[in-house]
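Some notes on the structure that comes next.
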Amino acid sequence: MQLRKTLIALALAMPLGALAENQDDLIAKYTALAGSKQNATSLVSGLRDGKQVKLTSGRATETFTPPTGKMGYGNVDHTLALAEASLQQKGITKPTPAQLEAAVMEITRMRADGKGWGQIADAKGFKMGEVKRPERIARAERPEKPEKPERPERPERPEKPHRPK
């Protein structure tokens, strides 16, 4: 019972982004990036299991095997978040299979070479916390707020008449 309470307390103390995601969550999160649920499934399971990834769009098909071997769901999420940010930095919001492969392979090669996630993010010109922040994407899509109109100046208070003592 005490162990259960401790685990619950630890889970509640962690930021939401630190909670482990599962395969279905990651597939849903990256379907738009991958262009289809099938591509997202191939990406997530290929990165997770260290196996071949197949991306298709129309007649275009790209196949690759990540050099990192098996990865945990958190590392899969980091890889895809950095690849997505890298593509967005280049103005690519709907990547072709070749563009997505290039972005994912660049990240996984750096990881396979022993670089940490912060080092990879820095090399790409990002901060890992900003890349992983859920509102990053929402903020990029949200139109800018109009400027608030200036408040009218407050009229000066009239002086009180002096009372003789």
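The values are calculated or read from the model by the stated rules, or taken from the named source; none is laboratory data. Values in this document were obtained by computation on a predicted structure and should not be read as measured data. Positions of Cβ are generated from backbone atoms using ideal geometry, with glycine treated the same way; all protein chains shown enter the neighbour counts.
Quick notes on this one:
- Residues of segment 102-129 that turn out to be in a helix (DSSP H, G or I) and exposed (fewer than 15 other Cβ atoms within 10 Å of the Cβ), as a count: 7
- Filter result (in contact with a helix residue (DSSP H, G or I) (Cβ under 9 Å, 6 or more places away or on another chain) and surrounded by fewer than 13 Cβ atoms within 10 Å (Cβ to Cβ)) within segment 46-65: Gln52, Ala60, Thr61
- Residues in segment 40-79 that are within 20 Å of Thr96 (Cα to Cα) and in contact with a Ser or Thr (Cβ under 7 Å, 6 or more places away or on another chain): Ala40, Leu47, Gln52, Val53, Lys54, Leu55, Ser57, Ala60, Pro66, Thr79.
- Restricting attention to segment 123-165, the residues being under 19 Å from Lys29 (Cβ atoms) and either at pLDDT below 75 or not hydrophobic (A, V, I, L, M, F, W, C) (or both) number 13.
- Number of residues in segment 51-100 that are among the charged types (D, E, K, R) and either closer than 21 Å to Asp25 by Cα or in contact (Cβ under 8 Å) with a residue 60 or more places away in the chain (or both): the value is 6.
- Of the residues making up segment 76-98, one or more are β-branched (Val, Ile, Thr) and crowded, with 19+ Cβ neighbours inside 10 Å.
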